[in-house]
Structures are given as structure tokens and as C-alpha cells.
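Everything on this sheet refers to the single structure shown next.
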Amino acid sequence: ALGFVWDPREQLWEEGFAALKAYKKEHGNCLVPQKSDYAGIKLGSWVGNNRWNKDKLGVERIARLDALGFSWDPMTEQWEEGFTALKAYKKEHGNCLVPSTLRYDGFTLGSWVRTQRLSKDKMSLERIARLDALGFSWDPMTEQWEEGFTALKAYKEEHGNCLVPDRAIYYGLKLGQWARVQRENKNKIN
């Protein structure tokens, strides 16, 4: 009659689950930031504890979380989301040279691509192989330079010199602009 709670852990779990449902309704996912407070509950900690203790949750709780779309491994899911966005970008643009600030289909693809390049030495061989198979550019600056140099060699072979007009487009490349940048950066080229 007093509202005495016989199982406080159960009640806390149910409160956390209710907050997670509300969070999903508001944000469209269950990817709660680790230090997030939501609806008066330390929901980020609650989510992390459930991931960490999945083997102790019981079948019913796991099923309820699964039905809600709970993310048991958000890092892998976010990587896969980035890879899927990169595949779509390549299909649309023909390459994986994503501008660093680009949002693509609501995903921060430019940032994701930059992170992959910076963490290649920590990445699994399977992920590296998947990116390589897609034609991922690990060092786009070098690749773009090599592309310009190859076009310049072809230009010289055809025209007998490297005096590319500033606005010349050669083999689909803005070769005049590339050559001008090389001249401007002569002392920086190694």
C-alpha cells in the first residue's frame, strides 16, 4: 500500500528501459552517448552497463532491448554505416576522395574517411581489405599529385613542353591549375 519496492534493481532497470524508449523516440536510435543524462537517469551509463553485462541480463531483457533496436556493438555498427555511405558515395562520384567536411545522406562521411586514414595502423586486416577492394585512397594528396604528374608527362609528349596554359584541362584534369600550384610551391616539394 505504501508503494514499497520489493526489487529495486528491477525497478531501476525498468526506469532505464523506459528512458531508452523515450530517447529512441526522440533521437531515432539507441546510440546514447556514454556520459548522457536523459529523463533524470544516467542513461549513457545504463546503456553501457547493459552492453557490458549482456550475458547476465536474461533472455527476456535481451529480447526487449533487441526489439527496441538496441546497439550491442555501436562502434562496429558506426563503422559499417560509414562503409555503406562510402560505397554509395563511390557509386555516385566514381571515387573515394571524400571532402573532409562532407555530410553524405546525413552521415559525417568526410570525418569518417579521415578517421580511417589516421587509424589504418590500428585497423583490422579485414577492414583494410574491404576499403582497398573499394578503391579507398589512403593518401589522396600523393595520389592526386601522381595523377597530375602523369598527365603532365603525357602533355609534354604531345606538345613538346610543359608550358600548360593556366586554364587547360587535359585528360579530365585541371592540368594548368595543377602546374601553377607546383610552380607556386616549388620550394615545398620534396
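The values are calculated or read from the model by the stated rules, or taken from the named source; none is laboratory data. Nothing here was measured: the structure is a model prediction, and the numbers come from that model. Here the Cβ positions follow ideal geometry from the backbone for every residue, glycine too, while neighbour counts run over all protein chains shown. We work out accessible area using only protein heavy atoms, side chains counted, and drop any ligands, DNA or RNA first. Shrake-Rupley method; radii C 1.70, N 1.55, O 1.52, S 1.80 Å.
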Matching residues, region 145-177, being open to solvent by less than 90 Å² (accessible area, probe 1.4 Å), touching a residue at least 24 places away in the same chain (Cβ under 8 Å) and in contact with a strand residue (DSSP E or B) (Cβ under 9 Å, 6 or more places away or on another chain)
Gly148, Ala151, Leu152
Could you pull out every one of the helices (runs of 4 or more DSSP H) wholly within region 98-190 that has 2 or more residues that are within 30 Å of Glu81 (Cα to Cα) and small (Gly, Ala, Ser)?
109-118, 125-134
Within the set of pairs 6 or more residues apart or between chains, which connect a residue that is touching a residue at least 12 places away in the same chain (Cβ under 8 Å) inside region 1-13 to a residue that is surrounded by 10 or more Cβ atoms within 10 Å (Cβ to Cβ) and not β-branched (Val, Ile, Thr) with Cβ atoms less than 8 Å apart?
Trp13/Arg61
Could you check region 1-95 for helices (runs of 4 or more DSSP H) lying wholly inside it with 1 or more residues that are surrounded by 16 or more Cβ atoms within 10 Å (Cβ to Cβ) and among the β-branched types (Val, Ile, Thr)?
43-52
Return only the number of the condition from (1) in contact with a Pro (Cβ under 6 Å, 6 or more places away or on another chain); (2) at pLDDT 95 or above that Ile128 does not satisfy.
(1)
Of all residues in region 107-122 being without any contact (Cβ under 8 Å) to a residue 12 or more places away in the chain and small (Gly, Ala, Ser), the one that is surrounded by the most Cβ atoms within 10 Å (Cβ to Cβ):
Ser111
